[in-house]
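Asks: Take a look at this one; I'll ask things after.
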Amino acid sequence: MADKEAKSIDQATIEMIEKAAEDGARVVFERAEKMRPCPIGAEGSCCKICAMGPCRVALPKGKTETAEEKRRRVGVCGATPETIAARNFLRMIAAGTASHGDHGRTMAKFLLAVAKGEAPGYEIKDEQKLLQLALDFGVAIGERSNEEIAIDVGEIMLKEFGKQDGELLFLKRAPLKRQELWRKLGVAPEGIDKEVAEAMHRTHMGTDQDYHDLLHNGVKVALADGWGGSMIATEIHDVLFGTPSPVASQINLGVLKEDEVNIIIHGHEPQLAEMMAVVSQDPEMIKYAKSKGAKGINLAGMCCTANEMLMRHGVPIAGNFLQQELAVVTGAVEAMVVDVQCIMQGLVDTANCYHTKVITTDRRAKIQGATHMEFDEHNAAESAKAIIKTAIDNFVNRGKNVRIPSQKTDMIAGFSHETINYLLGGMFRASYRPLNDNIINGRIRGVAGVVGCNNPRVTHDIQLDMVKELIKNDVLVLQTGCMAMASAKAGLMVPEAAAKYAGEGLASVCETVGIPPVLHMGACIDNTRILMAATAMVKDGGLGDDLSDLPVAGAAPEWMSEKALAIGQYFVGSGVFTVFGVTWPTIGNEEVTKLLFKDMEGMYGGMWAFEPDPIKAAKLMIEHIDKKRKALGIDKAGDRVLYDMEMRRELDAV
Ligand code: XCC
């Protein structure tokens, strides 16, 4: 087990933290030590939504209060600690949903541009997926071209953002029972942007002041992410760039190359990165790099752009969220090319100690001190070339202070929902049946999604303990985002890991199918692939008739972003037990926390939990999985007796 006081369990990370200190470069690990979290804000007890405050309504630790004291522990407007905690929570979910939604909207517009021939260099790569979407939306196929169909599909998707009436179309993908529950509870979302705007309105001073109502609205907004904005983004990525299938690559800072121009692509929306992958292999560009003394151009990814490029092209990953500045500290990165989300402003300060150019490329995300080279999708190849050329020109400025850690690990990624379906059932019988059967017969105990970020408030990559505990107990683990990278770095994403780390039952299934015990399903928006996989399990039968019946659980053990909270809430609202680590944003308020951790189960079949110890959190997940197995009557699968007709008759006679 990892040393809980350590900054990271990853050697490459530790080595670069030390180098940063030697070089006088500041990185996130050092800043986290200096900046202690505000205890009142951390527990959700600070309200700063109007200028009568900010009001702090925390109950000091260990202090009890009388009913009268509690009545007086309110904000200037009279807002109770419950309203304040719930409002803060809802605003975080709304921000996360807005981020994924804005990404999805950008993709819908991009699909339209490609289909109309306004974005040369891009094309529709997955016709099957496009046609499936057309069927989902009732778009005519007939003799029409892919482009004509894509225009209709793109317009329908774009409308999902501003729709004022009617449910989001992808809700129909969920099991029927779940859809009915959402309608009954009044949380079936309508327009994605409308839900975000309404949440901001509800949380404005003097509006919604009932914490139950605020938290239910949190579910509604989050569902507009999972079954809306994120799902749209994933689907369009697949249509335009291809649905991922298994691909081999490598991960960690050791993928950087001493003798090549190193360019890191970092952020979330993959359209520029896709073009950079093409242009970086252009003989003209390679020749130019050689003219500057480099042997070639090495493209590597960071954060979710890394996951996108890995899943479809096998582009190596330099590291996860907390390693972004450390890549610069190697002294070997010519350009850090960023777009939106999870880009630390501190990158620019770190880069000032080396020769690295931080290049912002998106109109929505500029950073003071960075070089802004806006990406123009209508002229994508030229944009990508200009950026790569800037990086190549910077190669000559690389100093002598270069140290690339040796660590890099082999991995297999590319497990989309469709790929799992195919791997399990074969091309002609693609199905989740074998997975369901192996869950029913007990070889696989259940399925866990372990997703989310890194957070310097806990040991970097410590979630590995959770993943190892789960697979040791025969739980198949699905991963996305920065958590997937932690497991990949530790060698869990190769088929051989099954024999080494998994329990006997899970290992036997992995060996038969030829998959690792931990499957990389993509970027954070691709958590929707996990929703689809879980839905397919329900539809295949034998494991209940709703997502909340499945022996599954979710976790984000090192979360930090508002997006992670939106993701967690849409899993809970879809019926999944979800455990978060690090810290919990309503922990200062008993009532609000009880509603999220306990009462939600009675309403949604899923609920939250907070457990910072990854092994204890894994045990909670396994307990929940066992509870669901018991409810399904498959808890003693090994001893199950299959009754023949005669035995049944005998039973009836008793
Ligand atoms: Fe979190 Fe999403 Fe960012 Fe990584 S990149 S830090 S949100 S896990 Ni998606």
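Taken together, the values in this text are just the output of simple stated rules run on the coordinates, not laboratory data. What you see is a predicted model; the values in this text were computed from it and never measured. We place every Cβ from the backbone using ideal geometry, glycine too, and count neighbours over all the protein chains shown.
Asks: Where does the charge balance sit around ALA533 when Lys and Arg score +1, Asp and Glu -1, over other residues with C-beta under 13 Å from its C-beta?
Replies: The answer is 0.
Asks: While we're looking at this one, here's another question. If the limit is 32 Å between Cα atoms, which of LYS500/LYS630; LYS61/LYS489; LYS539/LYS598; LYS109/LYS389; LYS163/LYS385; LYS129/LYS636 go over it?
Replies: LYS61/LYS489; LYS163/LYS385; LYS129/LYS636
Asks: Now for a separate question. Which GluC sites (Glu not before Pro) in region 226-276 pass both tests, a DSSP loop state and at most 16 other beta-carbon atoms within 10 Å?
Replies: Those that pass, being in a loop and sparsely packed, are GLU258.
Asks: Follow-up. Can you list residues whose amide H is under 5 Å from GLU269's amide H, if they're 5+ apart or on another chain and H is modeled 1.01 Å from N?
Replies: Amide H neighbours of GLU269: VAL340.
Asks: With +1 on each Lys and Arg Cβ and -1 on each Asp and Glu Cβ, and nothing else charged, work out how big the dipole of region 116-182 is about its Cα centre, in Debye to the nearest 20.
Replies: 380 debye
Asks: Going by average Cβ density within 10 Å per residue, which order do the peptides 528-536, 361-369 take, highest to lowest?
Replies: Ranking the peptides 528-536, 361-369 by packing returns 528-536, 361-369.
Asks: If you keep only loop residues by DSSP, which GluC sites (Glu not before Pro) in region 94-187 have at most 15 other Cβ atoms within 10 Å of their Cβ?
Replies: Filter output for region 94-187: GLU118, GLU123, GLU143.
Asks: Taking region 23-109, which trypsin sites (Lys or Arg not before Pro) meet the DSSP loop condition and have no more than 10 other C-beta atoms within 10 Å?
Replies: LYS61, LYS63
Asks: While we're on this one: Relative contact order of the chain, please, whole-number percent, based on alpha carbon pairs below 8 angstrom and at least 6 residues apart.
Replies: 16 percent
Asks: Next up: With just the Cα atoms defining each centre, how far is region 413-474 from region 595-622? Give it in Å.
Replies: 19 Å
Asks: Follow-up. Where Lys and Arg each count +1 and Asp and Glu each count -1, what net charge lies around THR234 among other residues with Cβ under 13 Å from its Cβ?
Replies: Neighbourhood net charge equals -4.
Asks: Quick one: which residues, 5 or more positions from VAL333 or on another chain, have an amide H under 5 Å from its amide H? H modelled 1.01 Å from N in the peptide plane, none for Pro or chain starts.
Replies: It is none; the list stays empty.
Asks: Here's a follow-up. Could you give the DSSP H helices of the chain that reach 30 angstrom or more along their long axis (alpha carbon positions) and whose average Kyte-Doolittle hydropathy is no lower than 0.0?
Replies: Passing helices, by number: 81-115.
Asks: Right, something else. Measuring from centroid to centroid over Cα atoms, what is the spacing of region 261-308 and region 539-570 in Å?
Replies: The distance from the Cα centre of region 261-308 to that of region 539-570 comes to 35 Å.
Asks: With an 8 Å cut-off on Cα pairs and a minimum separation of 6 or more residues, tell me the relative contact order of region 118-181 in percent.
Replies: For region 118-181, the relative contact order is 23 percent.
Asks: Percent relative contact order of region 501-576, based on C-alpha pairs within less than 8 angstrom and at least six residues apart?
Replies: Over region 501-576, the number comes to 21 percent.
Asks: Using packing as a proxy for protection, rank 192-204, 509-521 so that the peptide with the highest average count of other Cβ atoms within 10 Å comes first.
Replies: Output ranking for 192-204, 509-521: 509-521, 192-204.
Asks: Next question. Once phi is turned into ³J(HN,Hα) by the Karplus curve 6.51 cos²θ - 1.76 cosθ + 1.60 with θ = phi - 60°, what whole-Hz value does each residue of region 442-458 show in order, with x for glycine and proline?
Replies: These are the phi-based 3J(HN,Hα) values: x, 4, 9, 6, x, 10, 10, x, 10, 9, x, 9, 10, 8, x, 6, 10 Hz.
Asks: Here is a follow-up. Nearest 20 debye, what's the magnitude of the dipole of the chain about its Cα centre given +1 on Lys and Arg Cβ and -1 on Asp and Glu Cβ?
Replies: 1200 debye
Asks: Identify, among PRO283, ILE40, HIS103, the residue whose Cα sits farthest towards the positive end of the charge dipole of the chain, taking +1 on the Cβ of Lys and Arg and -1 on the Cβ of Asp and Glu, with the dipole about the Cα centre.
Replies: Toward the positive end, the furthest listed residue is ILE40.
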